[in-house]
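> Before I ask anything, here is the structure I am working with.
The values are calculated or read from the model by the stated rules, or taken from the named source; none is laboratory data. As the structure is a computational prediction, the values presented were derived from the model and not from experiment. Methodologically, a virtual Cβ is constructed for each residue, glycine included, from the backbone with ideal geometry; neighbour enumeration extends over all protein chains shown.
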Amino acid sequence: MALHPQAARFRQQWLALGPPRTERSTPEEIRAVMRGAIAVNAIAVPGVETEEAAFSGPAGPLPVRVYRPSGGGTGRGVAFIHGGGWVAGDLDTHDALCRALAAAGEAVVASVDYRRAPEHRFPAALDDAYAVLQQFAAEAPRWGVDARRIAVAGDSAGGNLAAAVCLMARDRGKHVPAQQLLIYPIVSAEFSTPSYARYEDGYVLTRRAMEWFWDQYAPAIADRAHPYATPLHADLAGLPPALVVTAGHDVLCSEGAAYAERLAASGTPAEYFDYPGMLHGFLHRLSMFDDARDLVARLGRFLQAL
């Protein structure tokens, strides 16, 4: 399918700007680019209150921003893990998205500012995300949440960490999430899938950028072989129900679809939905893309099943 007209217009504008090449940039430059790009598309989401908190992480306190719908809690909770290639992204880059998710899902959302690569490589970010999930569940009454009704969610690299958190919680047998919401997740370190071949350059997220991100997060082949780094190759039995979302014009599309298929084959309830005309990261552009607003509503409906 062709790019959605809204995505095609955005891509044309993006290419005209001559975007920086990730693989030729420093981590700080990538972080600045992401902060700037998302700030331009931020929207106001009324009816959501926030609270800054610090959770206990394996290497020290972790900043967490908690979002509550102003209309009152429903007992649902979401541990949210932001994307950004494990290198970029923070609480502010994903603020509007978390507000929208809290409102649509009528849920308390706890967004974690985990340690980032390359300063902190695999499994530092995963250990932080897992620690936040565990504390969120252990302190559920404080946040007005039922510990049995906590989902985990993330986009891109955050989707990778969300999937891995489910694996880790299952393996350790403690506070397994009730749902997993994986938004165009990274689940493999293979760069030869059909979507990599089709969209390797010129579609926002490139093959070389993904190679660079993996080099920052998990440069060692042994680490990339670990199921917590590449969940597509893990044992996927006994995991919580999943919603897996992909963007059709995205190098990650094939692996996301394969992950949903493998979850279902392993006996895990898995709902898969592809936005065929969209680009990677489209959910951040709520002011620009109708499909982004549709996806927020879809995520909200999935959460309301808790």
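> For the range 241-272, enumerate the residues that are part of a strand (DSSP E or B) and small (Gly, Ala, Ser).
Step one: filter the range 241-272 for residues part of a strand (DSSP E or B), giving 242-249, 270-272.
Passing the criteria: ALA242, ALA247, GLY248, ALA270.
> Only one of VAL112, VAL145, VAL165, VAL132 is in contact with a Lys or Arg (Cβ under 8 Å, 6 or more places away or on another chain) and not charged (D, E, K, R). Can you tell me which?
On inspection, the qualifying residue turns out to be VAL145.
> Still on this structure: Which residue, of THR93, THR74, is surrounded by fewer than 24 Cβ atoms within 10 Å (Cβ to Cβ), in contact with a helix residue (DSSP H, G or I) (Cβ under 6 Å, 6 or more places away or on another chain) and of a type in the set (S, T, N, Q)?
Details: THR74 fails: in contact with a helix residue (DSSP H, G or I) (Cβ under 6 Å, 6 or more places away or on another chain).
Result: THR93 is the single residue among THR93, THR74 that is surrounded by fewer than 24 Cβ atoms within 10 Å (Cβ to Cβ), in contact with a helix residue (DSSP H, G or I) (Cβ under 6 Å, 6 or more places away or on another chain) and of a type in the set (S, T, N, Q).
> Further question on the same structure: For the range 1-39, name all the residues that are among the β-branched types (Val, Ile, Thr) and over 20 Å from the mean Cα position of the chain (by Cα).
THR26, the sole residue that qualifies.
> Here is a further query. Which ones in the range 214-239 are surrounded by fewer than 17 Cβ atoms within 10 Å (Cβ to Cβ) and not in a helix (DSSP H, G or I)?
Hits for the range 214-239 are PRO219, ALA220, ALA225, PRO227, ASP235, ALA237, GLY238.
> Which residue, of VAL64, VAL87, VAL78, is over 18 Å from SER156 (Cβ atoms), touching a residue at least 24 places away in the same chain (Cβ under 8 Å) and within 16 Å of the chain's Cα centre (by Cα)? Break it down stepwise before answering.
Values: VAL87 fails: over 18 Å from SER156 (Cβ atoms); VAL78 fails: over 18 Å from SER156 (Cβ atoms).
The match here is VAL64.
> So which residues in the range 256-281 are of a type in the set (A, V, I, L, M, F, W, C) and within 20 Å of PRO5 (Cα to Cα)?
Across the range 256-281, the qualifying residues are PHE273, MET278, LEU279.
> Assess whether VAL87 counts as being in contact with a Lys or Arg (Cβ under 6 Å, 6 or more places away or on another chain), of a type outside the set (D, E, K, R), at pLDDT below 95 and not in a strand (DSSP E or B).
no
> I'd like to know if the range 254-266 contains one or more residues that are in contact with a Cys (Cβ under 6 Å, 6 or more places away or on another chain), buried (at least 21 other Cβ atoms within 10 Å of the Cβ), touching a residue at least 24 places away in the same chain (Cβ under 8 Å) and of a type outside the set (A, V, I, L, M).
Here is the first cut: in the range 254-266, the ones in contact with a Cys (Cβ under 6 Å, 6 or more places away or on another chain) are none.
Taking every residue of the range 254-266 in turn, none turns out to be in contact with a Cys (Cβ under 6 Å, 6 or more places away or on another chain), buried (at least 21 other Cβ atoms within 10 Å of the Cβ), touching a residue at least 24 places away in the same chain (Cβ under 8 Å) and of a type outside the set (A, V, I, L, M).
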